[in-house]
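Bear in mind these aren't lab numbers, they're just calculated from the coordinates by the rules spelled out. Computed from a prediction, not measured in an experiment: that's the story for all the values here. No Cβ is skipped: glycine too gets one built from the backbone with ideal geometry, and neighbour counts run over all protein chains shown.
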Amino acid sequence: MIYTCVIITDHNEEVKFLKNQIAVHNELELTASYPNIYNVPASVYSHIAFININDSVMNGQDQFNLMRSNFEFIIFTGDRDECARIAYDMDGLDYLSKPIEPSRFNQAFYKVTRSALNAQKPKITMNSLFAIKDVHDERNWVINTYNDVVAVESDKNYLKIYTTASFHITYLSLSKFEFNVLNLPNFIKVHRSFIVSKNHLQKITNHNIYMKGVTVKIPIGINYRKNLQEFIDGVSLNRK
């Protein structure tokens with residue numbers, strides 16, 4: 001599971017520290033950094049937001065409430081006693097007092113992983129239903145099961161969903177889909193823009209993946225080769 005992250009702070013040294021700590025963890029991927037909450041686009045979605053408690057947060061409660069649903073988990077940072085109280089009042093998952101120690105950052109990340117697993121209630125299975133609205137017919141809902149999904153592709157603010165029977169484009173982030181299938185081993189992320197179903201894999205080359213029933217050619221991202229190779233080794237009949 002790759003957890004996408006955004007950093008929201010106007011302190012350059014804090015941005016540098018958080019970027020370095022995120023880079024240490026293979027499960028974390030930084031997608032953007034913003035100086036304050038007013039600069040965060042409404043279309044942004046991420047698993048984790050690291051937010052420094054500054055004037056924009058303390059004076060912008062309404063703006064914070066508007067963007068709260070864009071993040072699954074919020075980890076606040078601050079350097080005053082008052083910041084800890086604000087973090088608690090704003091329902092943050094954790095609060096990191098500055099200067100932040102790497103070990104304290106690790107504790108916050110592990111708290112995210114535990115909370116993510118606990119959030120999968122009711123448990124989603126491959127037979128679970130999900131509903132989306134296709135951009136070509138937003139008046140109606142399209143119903144599928146996760147078993148039907150062949151691959152999903154991120155395209156800016158939209159998600160292309162390839163299924164065994166059809167193809168849909170919906171207004172959704174790849175991170176949101178990935179969070180929903182967190183506990184499903186059938187899905188694997190092979191590129192920052194692609195998640196595929198292992199059940200529908202047809203052929204894997206050095207650089208691309210081909211799926212059954214769809215014509216899309218899926219590139220293999222450098223950062224995802226290790227996980228993909230581990231899967232191949234686990235099912236290979238030719239391994240020594």
Which of Tyr38, Tyr3 has the fewest Cβ neighbours within 10 Å, and the rest in rising order
Tyr38, Tyr3
Along principal axes, largest first, the alpha-carbon spread of the range 181-240 in whole Å comes out as 32, 26, 23
In what order do Glu29, Glu138 fall by count of nearby beta-carbon atoms within 10 Å, going from fewest to most?
Glu138, Glu29
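My understanding is that a pair violates if its Cα-Cα distance is over 24 Å; which of Lys160/Lys189; Lys16/Lys226; Lys160/Lys217; Lys98/Lys156 do that in this structure?
Beyond 24 Å: Lys16/Lys226; Lys98/Lys156.
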Sorted by Cβ density within 10 Å, fewest first, the residues Lys16, Lys156:
Lys156, Lys16
Quick one: Cα centre-to-centre distance for the range 182-213 and the range 1-70, in angstrom?
29 Å
Between Met1 and Ser69, what is the label-to-label distance in nm when each label sits 7 Å out along the Cα-to-Cβ direction?
2.2 nm
With charges set only on the Cβ (+1 for Lys and Arg, -1 for Asp and Glu), what does the dipole of the chain come to about its Cα centre, in debye to the nearest 20?
1180 debye
Once Ile169 and Asn206 are pulled to full extension, the length gained, defined as 0.36 nm per residue separation minus their Cα-Cα distance, is 10.5 nm
In the range 129-235, with Lys and Arg counted as +1 and Asp and Glu as -1 at Cβ, which of these residues, Val214, Asn199, Gln229, has the Cα nearest the positive end of the dipole, that is, farthest along it?
Gln229
Fluctuation leader among Thr125, Thr205, Thr164 - the chain, Gaussian network, Cα springs under 10 angstrom
Thr205
In whole Å, what three semi-axes, largest first, describe the equivalent ellipsoid of the range 91-240 built from its Cα gyration tensor (square root of 5 times each eigenvalue)?
29, 23, 15
Give me the net charge for the shell around Lys212: Cβ to Cβ below 12 angstrom, other residues only, Lys and Arg +1, Asp and Glu -1.
+2
Based on DSSP, what percent of beta bridges with both residues in the chain are antiparallel, to the nearest 5?
55 percent
Cα-only Rg/Rh for the range 163-214 with Kirkwood Rh rounds to 0.95
Calculated [θ] (222 nm, deg cm²/dmol) that DSSP helices of n ≥ 4 give over the chain, each run adding -39,500 (n - 2.57):
-8000 deg cm²/dmol
Taking only Cα atoms and a 10 Å spring cutoff, compute GNM fluctuations for the chain and point out the largest among Phe177, Phe109, Phe50.
Phe177
